[in-house]
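Rule-based calculations on the coordinates, nothing more; no lab input. Note that the structure is a prediction, hence the values are computed from the model and not measured. All Cβ positions, glycine included, derive from the backbone under ideal geometry; neighbour counts span all protein chains shown.
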Amino acid sequence: AQRVTQPEKLLSVFKGAPVELKCNYSYSGSPELFWYVQYSRQRLQLLLRHISRESIKGFTADLNKGETSFHLKKPFAQEEDSAMYYCALKDNQGGKLIFGQGTELSVKP
Amino acid sequence: KAGVTQTPRYLIKTRGQQVTLSCSPISGHRSVSWYQQTPGQGLQFLFEYFSETQRNKGNFPGRFSGRQFSNSRSEMNVSTLELGDSALYLCASRVAGVDEQFFGPGTRLTVL
């Protein structure tokens, strides 16, 4: 079955510390993975996608097919990074996204 | 360019009633998806519409239905409401063939 797992509900770090939000997936085939973010009182929005291999707001994520993971990383967390982060897997049918439960990132000053 | 809009933003209904939620996608976006968000189950896919046709459906009972109009606006309907239908319902639109989905602010449905 297709599934996305985010093991941490809450991750709390201090400003300037490295951060890693974990995401594991279960999918038969070649996965397409995304990280979506929801800042306080804002809409859910795309942060980055694995296929573009880009860095957005200092965040990167590497697809590791061997470990079926797509962890989100940032070397130096900022207070404005505090938000809810969702890992999502694109179903092979159309635009259906399968979301993880989300991880709340709290960056303390 | 205006974002995805959803109406109403808040809704209170009682068990057994039915409800219709509306979503207006970004201009030019012909694909509209609906998601249910609850604290327990997280974000779950309901269905996707493209050019007035349902392309994909999630694992929800038949009480949940939707449709899309020729102007790409979409509605979802929930009949015979249950307490467990209380949730934030999110609509997302995208350009066909492009992965990025743009989400609306959601409609908060409370069933009493």
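Quick notes
- Qualifying residue in the stretch B:58-72 (condition: closer than 24 Å to A:Met84 by Cβ and polar (S, T, N, Q)): yes
- Taking the stretch A:50-109 as the range and being in a strand (DSSP E or B), closer than 20 Å to B:Gln37 by Cβ and without any contact (Cβ under 8 Å) to a residue 12 or more places away in the chain as the test, no residue passes.
- Against the test of being out of contact with any Ser or Thr (no Cβ under 8 Å at 6 or more places or on another chain), within 25 Å of B:Leu112 (Cα to Cα) and surrounded by fewer than 16 Cβ atoms within 10 Å (Cβ to Cβ), the options B:Gly62, B:Gly3 yield a single qualifying residue, B:Gly62.
- B:Leu109 vs. criteria assigned to a strand (DSSP E or B) and within 14 Å of chain A (Cβ to nearest Cβ): no
- Among residues of the stretch B:50-63 that are more than 11 Å from chain A (Cβ to nearest Cβ), those with a beta-carbon under 6 Å from a residue that is of a type in the set (D, E, K, R) and in a loop (DSSP other than H, G, I, E, B) at least six positions away or on a different chain give the pairs B:Ser51/B:Arg30.
- Test: residue in the stretch B:26-48 that is surrounded by fewer than 17 Cβ atoms within 10 Å (Cβ to Cβ), in contact with a Leu (Cβ under 8 Å, 6 or more places away or on another chain), within 30 Å of A:Ser52 (Cβ to Cβ) and within 11 Å of chain A (Cβ to nearest Cβ): no
- Of everything in the stretch A:48-62 that is of a type outside the set (D, E, K, R) and more than 10 Å from chain B (Cβ to nearest Cβ), the residue that is surrounded by the most Cβ atoms within 10 Å (Cβ to Cβ) is A:Ala61.
- Total residues in the stretch A:74-86, condition surrounded by 15 or more Cβ atoms within 10 Å (Cβ to Cβ) and away from every other protein chain (no Cβ under 11 Å): 6
- Residues of the stretch A:12-31 satisfying the condition of being buried (at least 18 other Cβ atoms within 10 Å of the Cβ) and in a loop (DSSP other than H, G, I, E, B): A:Cys23, A:Tyr27, A:Pro31
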